[in-house]
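Below: the structure, in structure tokens.
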Amino acid sequence: MSNEAITIKLDELAGNIKRLDLSAEVAASESEREYFRHYGIDFEDRFPGLKHHFGCIDCASYSIAAHYYDIKEAEGTCFIVHGYYDHSGLYGRIIEYCLKRKLSVVVYDLPGHGLSSGEQSTIPSFSDYQAVLSDVVDWFSSVAPKPWNAIGQSTGGAILMDFLLSAREPLFAKTVLLAPLVRPVSWPRTKLLHRMAGVFFNKIPRRFAKNSHDNNFLEFLKTNDPLQSRHLPLTWVTALKQWINYFEHLRFVEYAPLIIQGKEDKTVDWKYNIPAIQKKFPNSKLYYVNEGRHHLSNEDELILTKLYAAMDIYFDVFKD
């Protein structure tokens, strides 16, 4: 489908998202079906007995677009938290990985992303991300089979780390952090530019990074994904600065997430981030993907094979 055609369908859908109701057997609308097909997140034909529920739920002060993939004879649930500029539609590969492991899946659009409400690609405070995740988990708590696991990409990893470090006890049996964000690359320079630009602008044009070896994915983002933001709001950078200071003062925990980091990542300052994260999670497991760029959840097949193998070992071998 052309970019213009899918834009029309997504505009129709955004204005008419139904309330998420897991008790109702409601067929997907035409605009929902086109949305699922366009992003390759229509899995019902590939997994017998799978039920794909989609709709919005109230979380904090936002209307959050959420998917629930209810797989037959599930052996648990995985909560997927996407990265900055992303949305649920870009996580088909990770969703499929989870479904193959007999895990039901909860994946939702962050505030200001995808089909969720909120100012596009920004947030007043990272605490809003925490409030939304907490409400999402609460909403699904009575239906999502346990054990619960979580996977977060970049900013999604930051959200999960905050969630784990702030919790009285961990809600997730296992958590995978893909290229987790603490500081972005060139952070001192970014902070200086942020102060200077903030005098004159409230947002700057986005530069699409070459953050994957999958060139088809990169081209799709630039030319055929209407849900992509074309700007970086400086309010988001302000919120990130505040969160980094907050993160540095969080206590460490005994919980052991798996950190997967690509060594060709030019988006996050992983040489700083990994030691900083290991201080917070001294029992964490670390796996480097030498060829991996930043968007590990949408890397090429060779790198994804390594990613899946590392996650399989973590889920199957390392027992709490």
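Observations, loosely collected:
- Output for segment 18-33, where each listed residue is loosely packed, with under 12 Cβ neighbours inside 10 Å and either over 15 Å from Leu115 (Cβ atoms) or in contact with a His (Cβ under 6 Å, 6 or more places away or on another chain) (or both): Asp21, Ser23, Ala24, Glu25, Ala27, Glu30
- Test for Phe43: is it touching an Asp or Glu at 6+ places or on another chain (Cβ under 7 Å), surrounded by 13 or more Cβ atoms within 10 Å (Cβ to Cβ), of a type in the set (Phe, Trp, Tyr) and not in a loop (DSSP other than H, G, I, E, B): no
- Filtered residues of segment 112-154 (kept if part of a loop (DSSP other than H, G, I, E, B) and without any contact (Cβ under 8 Å) to a residue 24 or more places away in the chain): Gly112, Ser141, Ser142
- Qualifying residue in segment 276-296 (condition: at pLDDT below 95 and aromatic (Phe, Trp, Tyr)): no
- One residue from Ile94, Ile123 being under 20 Å from His52 (Cα atoms) and either hydrophobic (A, V, I, L, M, F, W, C) or modelled with pLDDT under 95 (or both): Ile94
- Residues that are outside any strand (DSSP E or B) and modelled with pLDDT under 95 do not occur anywhere in segment 222-232.
- Test for Arg207: is it among the basic types (Lys, Arg) and more than 23 Å from Asp109 (Cβ to Cβ): no
- Close pairs from segment 33-56: first under 14 Å from Leu10 (Cβ atoms) and of a type in the set (D, E, K, R), partner modelled with pLDDT of 95 or more and surrounded by 13 or more Cβ atoms within 10 Å (Cβ to Cβ), Cβ under 8 Å, at least 6 apart: Arg33/Asp42
- Test: residue in segment 53-68 that is small (Gly, Ala, Ser), over 17 Å from Tyr108 (Cβ atoms) and assigned to a loop (DSSP other than H, G, I, E, B): no
- Within segment 94-110, the set of residues being buried (at least 19 other Cβ atoms within 10 Å of the Cβ) and outside any loop (DSSP other than H, G, I, E, B) comprises Ile94, Ile95, Tyr97, Cys98, Leu99, Ser104, Val105, Val106, Val107, Tyr108.
- If the condition is being farther than 13 Å from Pro226 by Cα, modelled with pLDDT of 95 or more and in contact with a strand residue (DSSP E or B) (Cβ under 9 Å, 6 or more places away or on another chain), then segment 23-48 contributes Glu32, Phe36, Ile41, Asp42, Phe43, Glu44, Phe47.
The values are calculated or read from the model by the stated rules, or taken from the named source; none is laboratory data. Please read all numbers here as calculations on a predicted model, not as lab measurements. All Cβ positions, even for glycine, are placed from backbone atoms using ideal geometry, and neighbour counts span all protein chains on display.
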